[in-house]
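**Student:** Please read through the structure below; I'll follow up with questions.
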Amino acid sequence: MAMSGRRETILWIARDYLKCTGCRRCEIACSLFHEGWIWPEASRIRVFMLVPGIEIPHFCSQCHDYPCVSACPVKALSVDERTGAVIVDREKCTGCGVCIRECPGNIPFLHPSDGKAVICDLCSGEPQCVKVCQEAKFNALWVVREDKTGWGSYNRKLFAQPPEEITKDIAINLYGEKGEEWV
Amino acid sequence: MVRGYAGKFLEVDLSSGGVKDVTFSDDILRNFVGGRGLATKILWDRLGNRWEEIDPLGPENIFLVLTGPLTGIYPGSRICISGKSPQSNGIIGSTLSGEFGNELKCAGYDGVIVTGRAEKPVYLFITDDNAEIRSAEHVWGKEAPETIRILTKEGLELLKRARPGAEKVKEPAIIYCGPAGENRVRTAAVMQKISHAAGYGGYGAVMGSKKLKAIVVKGRKPLPSVASPETVKILLREVERQLLERDRLRRWGTGYGGYEVGARQSSEPVRNWQEEWHDEKRFGGPKFDFRYWVKRYWSDFNCPVACMKIAVIKTGPYKGAITDNPDYEMQAYLGPNLGIFDPDKCIYLSALIDYLGFSGINGGNTLAFAAELYQRGILTKEDLGFELNWGDVEAFERLARMIVKREGIGDILAEGTYRAALKISEMKGVDVTKYAVHVKGVEVGAHGTRSGLDFNPIGYACSPQCGDHTSGVYDAYNDMRMVFFDSAVVCSMCGSPLIWDFYRAVTGWDLTDADWCRVLGRRIAHIQRAVLLLGGPDVFWKPEIHDDNPPRFYEPLPSGPYKGKTTDRKTFEDMRKQYYEAIGWDERGIPKSSVLKELGLEDVDKILDKVRKQ
């Protein structure tokens, strides 16, 4: 464990899919904050339910190497120094979709109104989705301090999986053998 | 522009394959709101003048899937299913939770109106301002898991076509009927997810009669805009805060009822309501919690309560069964009422019933009715093909499958408890209607009246929703609020006194609790009452006979701390008389001319003349 020097941290939203109730209040809180109204399809966090009861909140994992940022052909993506969130410059973004392709979890998506990339920006440090999840004591989402590049930072990228991949594991975790039939 | 509404409804004629948009005036929306209320308006306007002739399972019936202005915005997203009910021959507003309602609104529709009948099985695929009728031949006959799997996959592929590239598209919401609905079983539910059911009313059979297997919807728009967004946001926070205080409901759902309602209240159906008390601690809430629940909080869109829980059986002969909770009604109807006190068996049966698209309450009631006839030697092994003893889950599974496929005796029992009782009485030459626990063709919810600690004596008897336990009546005023939840189309478990402020902030229209309970809600209840009195074509209701409890509710309780107690007929009759007066019906239970005119229902009044003359 590299412990030399100051421990530089970022904000990270830890996720426990086993505890996601599927209330989608995270989508509501996110879209209220970013879009001004309830708009699940424009929420930076999207709950996939490919199998009933297996709800997967899908949002940016903040990979240590940010493949989306380096791949953007118009340099519309940058990393917020303080939070570690990926920030989309909507003026520059052309909606080409390269960031989606480069993301190991195909997490970004194009906004239903203007077709520009949408990525979780951690609400500048106070994620609204976490707030509503915590208030309800569901604890599917909570904020942790993660090393920016040190111990555990490579692990974050492993969370960036397509929803169907996560669904397979969670279905087996919750439903056992029956989960295999579902996916 | 109307606020809170998407602004149009989708109308599909399955006979011609025609699809069009329809709208309703602001005046209609203001008065009938949506869901149950709007259903009464649509059905009355289109079918009211020849109501008795309309076969609920014929092409003339209308299948309605309606949201309301609060759907998706107020906590607890639901959808209201309606039409002429093949159970009551009236109108039931049958709601179920899930994402279908908010998806539909995000797709730009407030509801779906389905008429006619398709030649071959079809499903509707709805996306933003667009709908398509697609073949469902490949899912016809399929149980819930396969139906969901195939339609989800197909829906995703269709959505993906419109959005190529690496982007992940979210799954659509699906309502569907199971094999029970396809075979026009009158106790068939309209289903969502694996366990969400609109059972009361029997609208799964209406779907099946139209050869409509499912409706699949994905909307990409925001929810409709509202009149005062800032106020709505504040109210949403406040209602959530109130709902989060319902800690007991949140933690255990209604899943504590399976033991408590029987042991403490003596009002839980046991062996077709022959008893209402049991003290089977192994059927207790903690047992379900400790052994089966893999998700202790399970919700639908915009619900902080999460009264559902996911139960999975991990070991033993019933391994692999997955269902929610089961909630109290499923615990009771697929547990003690079948003589089953083993949670494993109750969960297994609950999952099976869901997969068949059979209503756990209504169909569960019929299973128990058959078992009592077997107990009494009226139905025999020869009639059934096997023995049907209390607690025998394999036998109940066999019978459920026979009903769903309409095989053998199952064909008669598929008509629901009341109609089956009429047929079996004729067949056997003995009156078995006294064992049928229903009110006006709708099997009653799992709350009895005899101990005096649960439902009041007129709760079911005078309700326009008949046996529906979610909409019992008592004073013709406070009970109207249930009509509002079903019309604004939100979950009644998320009810709050702030709902009227919420409604005003969403729609910009004034409405008070008193306006609703005195006028708007009452108007809806009167249309529901009128069509119940018209009834037909196969069975009709007379208030003096049928505004009553099932005969069993007047037998003394045979066991438990309230042994000997029963529903007092005198009290019942006094209450019924008071209710008639309070709501505005004459001594025969027929809405008074003057009241109907006051409510602006002159056309209803005119048509009811034929009932008055009978």
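**Student:** Of all residues in region B:105-145 being small (Gly, Ala, Ser) and within 14 Å of chain A (Cβ to nearest Cβ), which is nearest to residue B:211 (Cα to Cα)?
**Tutor:** Going residue by residue through region B:105-145, those that are small (Gly, Ala, Ser) are B:107-108, B:111, B:116, B:118, B:131, B:135-136, B:141, B:144.
Add one more test, that the residue is within 14 Å of chain A (Cβ to nearest Cβ), and what stays is B:107-108, B:144.
On the way: B:107: 24, B:108: 25, B:144: 16 Å.
Here the residue is B:144.
**Student:** Follow-up question, since we're still on this one. Look at residue B:198 and say whether it is touching a residue at least 12 places away in the same chain (Cβ under 8 Å), aliphatic (A, V, I, L, M) and assigned by TED's automatic domain parsing to the domain that holds residue B:4.
**Tutor:** Details: touching a residue at least 12 places away in the same chain (Cβ under 8 Å): yes; aliphatic (A, V, I, L, M): yes; assigned by TED's automatic domain parsing to the domain that holds residue B:4: yes.
Taking the combined requirement at face value, the residue satisfies it.
**Student:** In region B:361-418, what count of residues is obtained for those that are surrounded by fewer than 16 Cβ atoms within 10 Å (Cβ to Cβ) and touching a His at 6+ places or on another chain (Cβ under 7 Å)?
**Tutor:** 0
**Student:** Here are B:319, B:345, B:309, B:314: which of them is away from chain A (no Cβ under 14 Å) and of a type in the set (Lys, Arg)? Lay out the reasoning, then the answer.
**Tutor:** Working: B:319 fails: away from chain A (no Cβ under 14 Å); B:309 fails: away from chain A (no Cβ under 14 Å); B:314 fails: away from chain A (no Cβ under 14 Å).
Just a single option satisfies the conditions, and that option is B:345.
**Student:** Considering region B:581-609 alone, what residues qualify as being touching a residue at least 60 places away in the same chain (Cβ under 8 Å) and not in a loop (DSSP other than H, G, I, E, B)?
**Tutor:** B:582, B:583, B:591, B:595, B:596, B:603, B:604, B:607, B:608
**Student:** Something else: Of all residues being part of a helix (DSSP H, G or I) and surrounded by 18 or more Cβ atoms within 10 Å (Cβ to Cβ) in region B:263-286, which is farthest from the other protein chains (Cβ to nearest Cβ)? Just the residue, please. Full working, then the answer.
**Tutor:** Taking region B:263-286 first, the residues part of a helix (DSSP H, G or I) are B:263, B:281-283, B:285-286.
Going one step further and asking which of them are surrounded by 18 or more Cβ atoms within 10 Å (Cβ to Cβ), we end up with B:263, B:283, B:285.
Working: B:263: 29, B:283: 23, B:285: 19 Å.
The qualifying residue farthest from the other protein chains (Cβ to nearest Cβ) is B:263.
**Student:** Taking the conditions exactly as written (farther than 17 Å from residue B:101 by Cβ, at pLDDT 95 or above and at the interface with another protein chain (Cβ under 9 Å from one of its Cβ atoms)), does residue B:148 satisfy them or not? Give the steps one after another, and end with the answer.
**Tutor:** Numbers: farther than 17 Å from residue B:101 by Cβ: yes; at pLDDT 95 or above: yes; at the interface with another protein chain (Cβ under 9 Å from one of its Cβ atoms): yes.
Yes; evaluated as a whole, the condition is true for this residue.
**Student:** Could I ask something else about it? Of all residues in region B:220-235, count the ones that are at the interface with chain A (Cβ under 7 Å from one of its Cβ atoms) and either touching a Leu at 6+ places or on another chain (Cβ under 7 Å) or farther than 23 Å from residue B:173 by Cα (or both).
**Tutor:** Adding up the residues that qualify gives 2.
**Student:** Quick check: anything in region A:162-180 over 24 Å from residue A:23 (Cβ atoms), β-branched (Val, Ile, Thr) and outside any strand (DSSP E or B)?
**Tutor:** No - not one qualifying residue is present in region A:162-180.
**Student:** Any residue at all in region B:460-469 that's touching a Leu at 6+ places or on another chain (Cβ under 9 Å) and either without any contact (Cβ under 8 Å) to a residue 24 or more places away in the chain or over 28 Å from residue B:542 (Cβ atoms) (or both)? Walk me through it before giving the result.
**Tutor:** In the first step, residues of region B:460-469 are kept if they are touching a Leu at 6+ places or on another chain (Cβ under 9 Å); the result is B:464, B:466.
Now narrow it down to the ones that are either without any contact (Cβ under 8 Å) to a residue 24 or more places away in the chain or over 28 Å from residue B:542 (Cβ atoms) (or both): none.
Within region B:460-469 (the criterion being touching a Leu at 6+ places or on another chain (Cβ under 9 Å) and either without any contact (Cβ under 8 Å) to a residue 24 or more places away in the chain or over 28 Å from residue B:542 (Cβ atoms) (or both)), the answer is no, since none of the residues qualifies.
**Student:** Return a yes/no flag: does region B:447-463 have any residue that is of a type in the set (D, E, K, R), in a loop (DSSP other than H, G, I, E, B) and touching a Ser or Thr at 6+ places or on another chain (Cβ under 7 Å).
**Tutor:** Step one: list which residues in region B:447-463 are of a type in the set (D, E, K, R), which gives B:450, B:454.
Among the residues that remain, those that are also in a loop (DSSP other than H, G, I, E, B) are: B:450, B:454.
The next check asks that each one be touching a Ser or Thr at 6+ places or on another chain (Cβ under 7 Å); those that pass are B:450, B:454.
Taking every residue of region B:447-463 in turn, at least one turns out to be of a type in the set (D, E, K, R), in a loop (DSSP other than H, G, I, E, B) and touching a Ser or Thr at 6+ places or on another chain (Cβ under 7 Å).
**Student:** If you check residue B:174 against the conditions, is it outside any loop (DSSP other than H, G, I, E, B), within 14 Å of chain A (Cβ to nearest Cβ) and within 30 Å of residue B:441 (Cβ to Cβ)? Even if it seems obvious, please write down each step before you answer.
**Tutor:** Working: outside any loop (DSSP other than H, G, I, E, B): yes; within 14 Å of chain A (Cβ to nearest Cβ): yes; within 30 Å of residue B:441 (Cβ to Cβ): yes.
So residue B:174 passes the test.
**Student:** Is there a residue in region B:108-121 that is crowded, with 24+ Cβ neighbours inside 10 Å and within 21 Å of residue B:463 (Cβ to Cβ)?
**Tutor:** The answer is no, given that none of the residues of region B:108-121 is crowded, with 24+ Cβ neighbours inside 10 Å and within 21 Å of residue B:463 (Cβ to Cβ).
**Student:** Can residue A:31 be described as farther than 24 Å from residue B:294 by Cβ, hydroxyl-bearing (Ser, Thr, Tyr) and facing chain B (nearest Cβ under 9 Å)? Give the derivation first.
**Tutor:** Working: farther than 24 Å from residue B:294 by Cβ: yes; hydroxyl-bearing (Ser, Thr, Tyr): yes; facing chain B (nearest Cβ under 9 Å): yes.
The answer is yes for residue A:31.
**Student:** Oh, and also: Among the residues of region B:48-55, are any crowded, with 24+ Cβ neighbours inside 10 Å and either at pLDDT 95 or above or in the same structural domain as residue B:29 (by TED's automatic domain parsing) (or both)? Reasoning before the result, please.
**Tutor:** Going through region B:48-55, the residues crowded, with 24+ Cβ neighbours inside 10 Å turn out to be none.
No, every residue in region B:48-55 fails to be crowded, with 24+ Cβ neighbours inside 10 Å and either at pLDDT 95 or above or in the same structural domain as residue B:29 (by TED's automatic domain parsing) (or both).
**Student:** Just name the residue that is nearest to the other protein chains (Cβ to nearest Cβ) out of those in region A:34-70 that are touching a Lys or Arg at 6+ places or on another chain (Cβ under 8 Å) and assigned to a helix (DSSP H, G or I).
**Tutor:** Applying the filter and picking the extreme gives A:41.
**Student:** Kindly establish whether residue B:234 is outside any helix (DSSP H, G or I) and of a type in the set (Val, Ile, Thr).
**Tutor:** Values: outside any helix (DSSP H, G or I): no; of a type in the set (Val, Ile, Thr): yes.
It is false that residue B:234 is outside any helix (DSSP H, G or I) and of a type in the set (Val, Ile, Thr).
The values are calculated or read from the model by the stated rules, or taken from the named source; none is laboratory data. What you see is a predicted model; the values in this text were computed from it and never measured. Neighbour counts run over all protein chains shown; Cβ positions are idealised from the backbone, glycine included.
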